[in-house]
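To keep things clear, I will list the structure first and then write my remarks on it.
The values are calculated or read from the model by the stated rules, or taken from the named source; none is laboratory data. Just so you know, these numbers come straight off a predicted model, no measurement behind them. Here the Cβ positions follow ideal geometry from the backbone for every residue, glycine too, while neighbour counts run over all protein chains shown.
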Amino acid sequence: MKMNEKTASSSTNIPPSNPDRIRRRTGWLILSAFVLAALVWSVIGTETTFATFRRAWPNMNEFLHRMWPPDFTWETSEARPFSPPLRLAVLAVSVTLQISLLGTAIGVAGALVFGLLAAENLTAHWVHHPLKVFLALVRSLPIILLALLFVSAIGLGPMPGVLAVAVHSFGMLGKLYAEEFETAAPGVWEALDGAGANWLQKVRYALWPQAARQILSHTLFRFEMNLRESAVLGLVGVAGLGLWIENYRRAFDYRSVTTLVIITMILVLIVDQIVFYLRRRL
């Protein structure tokens, strides 16, 4: 009898099972198994193994030796297919910066308008919902694909790069701007609405003071990204650093490629530090 009472009392101390906890653990196990299966599938499909890397290492080692040391010569010679990279770097850096600046400015102008119209707290559902879908479609296109399309439509030069940067920035910043406007506190807006202010006045005095700092921060960060991407658009014919990197690569002048890659890294680092300082000051 005492044994049964002791057994019964000990069984009552067992905590009851928690169905929610079991479901969460089961969900995590299923998700982990799915991720692991996807990784294994990716490894098999891409043949990314240590054996493949070991077989490719001699070619990679030879390629790295051909890229070093960088070519910092200034003099031209008849044996070179192009001018020395240092002579071209000044013009190439200028064009890359111009593409980034102008493309970002055009994208920001469009994103501000569409960001306001796509904010749920500013427009009706039949206005902001289609615009959000449109912005999602625009930013779904990779910037390199946009540049390739604009090069095919317009031709070689910096203008396709400006348009590609502008369209891609427009899609991304439009989404971010709309989210910033949606998170603004409604108190000032309601007070201005009660005072009889029109829509533009309410945007100017109620929303913009709350969202301006984050909008400027997003804009600076986007400019930094556009500078990096502008240096790559030369692969599809857009003028700038990327174009000359591709030209030297096709000419098998890998030392000049290294020089321009180093210049690109220095340029991006300088702009990154400037943008970081400005964002901290906001």
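In region 119-145, which residues are in contact with a Phe, Trp or Tyr (Cβ under 8 Å, 6 or more places away or on another chain), of a type in the set (A, V, I, L, M) and over 25 Å from SER230 (Cβ atoms)?
ALA119, LEU122, LEU131
Would you mention how many residues in region 137-148 are closer than 12 Å to SER169 by Cα and either part of a loop (DSSP other than H, G, I, E, B) or in contact with a Gly (Cβ under 8 Å, 6 or more places away or on another chain) (or both)?
Matching residues across region 137-148 total 5.
Under the condition of being modelled with pLDDT of 80 or more and crowded, with 17+ Cβ neighbours inside 10 Å, which residue from region 118-130 is farthest from the chain's Cα centre (by Cα)?
Looking at residues that are modelled with pLDDT of 80 or more and crowded, with 17+ Cβ neighbours inside 10 Å, I get HIS128.
I'd like the full set of residues that are in a helix (DSSP H, G or I), of a type in the set (A, V, I, L, M) and closer than 9 Å to ALA178 by Cβ, limited to region 112-127.
If the condition is that a residue be in a helix (DSSP H, G or I), of a type in the set (A, V, I, L, M) and closer than 9 Å to ALA178 by Cβ, then LEU116, LEU117 are the ones that fit.
So which helices (runs of 4 or more DSSP H) are wholly in region 173-282 and hold at least 2 residues that are surrounded by fewer than 22 Cβ atoms within 10 Å (Cβ to Cβ), among the basic types (Lys, Arg) and touching a residue at least 40 places away in the same chain (Cβ under 8 Å)?
Qualifying helices (runs of 4 or more DSSP H): 208-230, 254-281.
Just give me the residues in region 253-274 being out of contact with any Pro (no Cβ under 9 Å at 6 or more places or on another chain) and modelled with pLDDT under 80, in sequence order.
TYR254
One line per residue, one yes/no per condition, for (1) at pLDDT 85 or above; (2) within 18 Å of the chain's Cα centre (by Cα):
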site	(1), (2)
VAL113	yes, no
LYS132	yes, no
ALA136	yes, yes
PRO142	yes, yes
PRO158	no, no
GLY174	yes, yes
ALA195	no, no
